[in-house]
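A quick write-up on the structure given underneath.
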Amino acid sequence: MSRFTRTGALRAVVVFGALAAFPFVFPAQWIVNIAIFTLMYAGLATAWNLLGGFSGYLSLGHAAFFGVGAYAIAIAFTHIGIGGSGYKPFFALPLVGIAVALVSVPIAWVALRVRAATFAIVTLTLLFVVQQLAFNLHHITHGSQGLALPPPPFDVSTFEQPFYFAMLGVFALAFFTCWWVKGSKLGLMLFSIRDDEDRARGVGVRVTGAKVIAFAVSVGFTGMLGGVWAYYIQFIYPQFAVDPLITIGAVLMAFLGGKGTVWGPTVGAFILVPAQQYMAYKLGASELYLLGYASVFLLIMLFLPRGIIPSISDHLARRRSGRPEEPPGAVASAPRATLPGGMAP
Amino acid sequence: MSKTLLGVSGLTKRFGGVAAVNGCSFQVEEGTITALIGPNGSGKTTAFNMITGYLPADSGEVTFAGRAVKRPNPTRLYRAGLTRTFQQARVFPGLTLLENLTVAISQPWRTLLRRNVAARDRERALTLLEEFGIERLATRPAGELSFGQRKLLEFATVLMGEPRLVLLDEPTAGVNPVMVEQIERHVRELHARGLTFLIVEHDMHLVMRLCDPVIVLDRGATIKQGPPAEVQSDRAVLDAYLGT
Amino acid sequence: MHLFIQACILGLLAGGVYALMASGLTLAFGVMRVINVAQGAMIVLGAFLSYTLFTKLHIDPFVSVVLLTPLMFLVGVVLQLVFIRPLRADEREELSLLVTWALALGIEGLLSVLYKTNYRSTITSYADNSWRVLGYHLSEVRVFAFGMSVVILALLYVVLTRTEFGRTMRATVQNPVSARLLGVNVERVSALGFGISVATATAAGAVFGMVTPFFPGSHYDLISRLLSIIVLGGLGSLGGAIIAALFMGMAEAVFAAEISPTWSSFTFFIVLIAILLLRPQGLFGTNERGAL
């Protein structure tokens, strides 16, 4: 797994270059709007993947941190004001990211001490806790009445553009971080944890530390995306800022594209978000939306559990070698005729 | 001069009403290849698991390199120089052989973001792979290895931490005679370089020619500890194996 | 003091129903290592089904339990066969979370389409009746609900301890590998176990619908509480789940009465955190961390 292959870097440059040029080539506001959500989910899925795909610890509660980021920006700027150009909230994003990451460390430390199944339960519970807090802390969050942000003084005809670039920026950062981690020692530690955590401990891997770092970085980006979203939407409610569907969407996209790969979550998002927006447009009613989501999810789980990218690369590898995968050559020092016995407990 | 590297006393573990390990005590001297044998159900693997921190003990004490080990923890033990292999040959199937080895090198936090297989680590890993004869597969995922190759990889991996004591859990189980020979050769070579071994084994021929002393467990307790010749002819040991 | 005891009584009655809800959840985990996030949705589904039977056919909810549980048992078995069995064993634990979550969403979506998102309540003629015992107020419906839960849990206990099937199920919970080696058809036990899980959820749902207004999205509230309960009790332990449920029922009620009703659901989360810090395997947890 070499880190910066030339083709890999080239691919990234082309894609991000295209994304940067996108709003100028397709300036129609409804298109840029869909693109904003696509980028948001690409970022969410990529950030989630850093923990879920790399270490195998599936967090079901990332939406909690999305909501925290959203409310943080909303509350801060309802009081401070967004300044003349309206760009202050964007500059505050890195602070939000770091703050969310730091706050998550003690939570992560408690949540990661247990097996992966309990971890998922804890993160899910965290989601409900944060949602309850958003509803109950009236004075700060205005509860179910919702919180309004001051409207930014952006030019009406290109209103979406600053938000588009903010989302693109955070997504790019998350993507690049994933890429870097994958080729780094931290990535190695996380993958070993995913393969066999007990054994990783047994060979001296600092398991808890690695997981906490992945968790903190992952939710930091998620919080930042929540912040951009809040500013864009202008009016946030607890049930939408801390919405389980956000997590499920991100997870679904990561799985579809291939969790554990760098491009997978992005591919998943680029396929599903426009499809989802289209479905919402055609079917209108949100009740069917849920059914649709659930069906897609179940279909993917059952038929394409490894995701698109791993399935494609497997297929290509098989084509290249001309036959089903098998280990290359025989190793003279260890004849393959091993005895089946001896492995009983 | 040999001193006790690993001391176990009063180790006990109950499962339900059955004591799998019952007040087990023994010592492993530094610089030896010590064997831990006993009939099936004598508690060898359970004892192993407790010593290395994979199973909490009900009672007992473990000392390593003169220091008491409170609540054995695999990570801490690895750093202290005590490491083990598994009967099933556990490796990281998704990682390449090189990565399997480099992940086992203790890393200070500041190197976390550097390349996953740094040049220096790569050298060490390749050398080790060469020693074990599997360097050809260095960049293949470990999941592709045969069982015997996995045993070798696992053995190589635990050496990366430069341990003082290696606990081998049935190293020759499930492998062909050529491989058995190879593993025996590696153990001897490493022993000559100063490594101490504690081996759980069923292959009596291997034990008798390779190990000294031999510790015999029966029904969770030590019944004999001594040189192989003595153990071979000991009354109690024969009774334990043949059953009373 | 009076308030405290009244709250305890109310909590105990509610805890009984929670116990019924949680029993299926912990059983599913014990047998299959599956965390059925859809349990909440099954309960809500049960509530809607008995609501429909009540409003359209005037069948009393308690009676509907007798009708619905066999049907939903079969539904549960089918769901397990279609969605859970195909998952590979080594990935089952993590993937089952997502699959069952998707199931839960699917059920919520289906219910939203059929019933829209208004709150419903199964209000029987005796809904407001209550007894006064020693100055304390005992709602008829809640007492019957508690009684029904006790009966069903007792039945479950008998099945688990006195029947051949129950024994194989317990063996599978304790050690799936050994059970398989001893000839137990683990797949069949899993499917039937899931069926039981859904059946108990339906029964609990019928009474749930009588004491709380519900809508398709109510499953989130439910599942968050149930998950805390089974973690407290120890994943896979039926006895643990029952004790944990009774305790949490009372804790929640006392908190609501003495401190604040709005924050009463937080008792579940507080307890969850406490358990994770002090004793992660729960009261009667079966697995110790770090063991092979």
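What ranking do C:180-191, B:74-85, C:229-240, A:310-321 get when scored by the average of other Cβ atoms within 10 Å per residue, highest first?
C:229-240, B:74-85, C:180-191, A:310-321
So what's the range A:138-237 giving for Rg/Rh, alpha carbon basis, Kirkwood Rh from the mean inverse pair distance?
That ratio equals 1.17.
To the nearest whole number, what is the average tally of beta carbon atoms from other chains within 10 Å of the beta carbons of peptide B:99-106?
5
Distance between the C-alpha centers of the range A:139-170 and the range C:141-169? Whole Å please.
Each part reduced to its Cα centre gives a spacing of 54 Å.
So if I take the centroid of the Cα atoms in the range B:1-61 and the same for the range B:171-244, what is the distance between those two points in Å?
The range B:1-61 and the range B:171-244 have Cα centres spaced 15 Å from each other.
Averaged across the residues of C:204-217, what count of C-beta atoms belonging to other chains lies within 10 Å of each residue's C-beta? Display every interim value, and only then the final one.
Numbers: counts 0, 0, 0, 0, 0, 0, 0, 0, 0, 0, 0, 0, 2, 3.
For peptide C:204-217, the averaged partner shielding equals 0.
Tell me, how many Å apart are the Cα centres for the range A:218-237 and for the range A:64-133?
9
For B:Leu167, list long-range residues whose amide hydrogen, built 1.01 Å from N in the peptide plane, is under 5 Å from its own amide hydrogen.
Result for B:Leu167 returns B:Thr83, B:Arg84, B:Thr85, B:Leu198.
In whole Hz and in residue order, list the ³J(HN,Hα) couplings for the range C:184-201 that follow from phi through the Karplus curve 6.51 cos²θ - 1.76 cosθ + 1.60, θ = phi - 60°; x for Gly and Pro.
Couplings: 6, 7, 4, 4, 5, 4, 4, 4, 5, x, 5, x, 4, 4, 5, 4, 5, 4 Hz.
What's the percent breakdown of Cα-Cα distances in the range B:1-96 across 5 Å bins, shortest bin first?
For the range B:1-96, the binned pair fractions read 3, 12, 22, 24, 20, 11, 6, 3, 0 percent.
Beyond 22 Å, how much of the Cα-Cα pair distribution for the range A:24-109 remains, as a whole percent?
Of the Cα pairs, 42 percent sit more than 22 Å apart.
Can you divide the C-alpha Rg of the range B:20-76 by 2.2 N^0.38 Å and report the result to two decimal places?
It is 1.14.
Amide H to amide H, which residues 5 or more places from A:Ser184 or on other chains are under 5 Å from it, using H placed in the peptide plane?
Placed amide hydrogens put B:Asn116 under 5 Å from A:Ser184.
Would you compute, for the Cα atoms of the range C:141-292, the largest minus smallest coordinate along each principal axis and list the three values in descending order, in whole Å?
Cα extents, longest axis first: 53, 37, 27 Å.
Name the residues whose placed amide hydrogens come within less than 5 Å of the amide hydrogen of B:Lys224, ignoring near sequence neighbours (fewer than 5 apart) on the same chain.
B:Val216
Rounded to the nearest 20 Debye, what is the dipole magnitude of the protein assembly as shown about its Cα centre when Lys and Arg each give +1 and Asp and Glu each give -1 at the C-beta?
It comes to approximately 920 debye.
What does chain C give for Rg and for Dmax, in Å, if only its C-alpha atoms count?
18.6, 58
What are the principal axis extents of the Cα atoms in the range C:209-254, in Å, biggest first?
The Cα atoms of the range C:209-254 stretch 30, 23, 14 Å along the principal axes, largest first.
For helix C:164-174, report the angle its Cα long axis makes with the longest principal axis of the Cα atoms of chain C; keep it between 0 and 90° and round to the nearest 10°.
Taking the Cα atoms of chain C, the angle to C:164-174 is about 80 degrees.
Sorted by packing (mean other beta-carbon atoms within 10 Å per residue), highest first, where do C:92-98, A:120-126 land?
A:120-126, C:92-98
What is the calculated FRET efficiency for C:Val78 to C:Tyr115, with r their C-beta to C-beta distance and R₀ = 25 Å, to the nearest 0.05?
Details: r = 22 Å, r/R0 = 0.90.
Computed FRET efficiency for C:Val78 and C:Tyr115 comes out at 0.65.
For the range B:169-238, compute the orientation-averaged projected area of the C-alpha convex hull (one quarter of its surface), in nm².
Dividing the Cα hull surface by four gives the mean projection, 5.1 nm².
What value in Å³ per residue do you get for the convex hull of the alpha-carbon atoms in chain B?
Spread over its residues, the Cα hull of chain B gives 140 Å³ apiece.
Report, as an integer, the average count of C-beta atoms from other chains found within 10 Å of each Cβ along A:186-196. Walk me through the numbers before you get to the answer.
Values: counts 7, 4, 11, 4, 0, 6, 8, 2, 3, 10, 7.
For peptide A:186-196, the averaged partner shielding equals 6.
Running a GNM on chain B with Cα contacts under 10 Å, which residue among B:Leu112, B:Leu153, B:Leu129 ends up with the highest mean-square fluctuation?
B:Leu112
Taking the Cα centre of the range C:103-256 as the origin, how large is its charge dipole in debye, to the nearest 20, when only Lys and Arg (+1) and Asp and Glu (-1) carry charge on their Cβ atoms?
Here the range C:103-256 has a charge dipole of around 280 debye.
Which whole-number percentage describes the relative contact order of chain C, with Cα contacts under 8 Å and a sequence gap of 6 or more?
38
If you build the Cα gyration tensor of the range C:75-159 and take the root of 5 times each eigenvalue, what three semi-axes come out, in whole angstrom, biggest first?
37, 21, 11
What does the helix-only formula give at 222 nm for the protein assembly as shown: each DSSP H stretch with n ≥ 4 adding -39500 (n - 2.57), the total divided by the residues, and the result rounded to the nearest 500 deg cm²/dmol?
Value at 222 nm, helices only, nearest 500: -20500 deg cm²/dmol.
In bins 10 Å wide, starting from 0, what share of all Cα pairs of the protein assembly as shown does each bin hold, as a percent?
Reading upward from the zero bin: 2, 11, 19, 22, 19, 14, 8, 3, 1, 0.
Report, in cubic angstrom per residue, the convex hull volume of the C-alpha atoms of the range C:1-94.
Numbers: hull volume 11.9 nm³, N = 94.
Looking at the range C:1-94, the number lands at 127 Å³ per residue.
How big, in percent, is the set of alpha carbon pairs in the range A:191-254 lying more than 15 Å apart?
65
We did not get these values from a lab; they are worked out from the coordinates using the rules stated. A quick note: this is a predicted structure, and the numbers were derived from the prediction, not measured. Don't worry about glycine lacking a Cβ; one is built from the backbone with ideal geometry, like all the others, and counts go over all protein chains shown.
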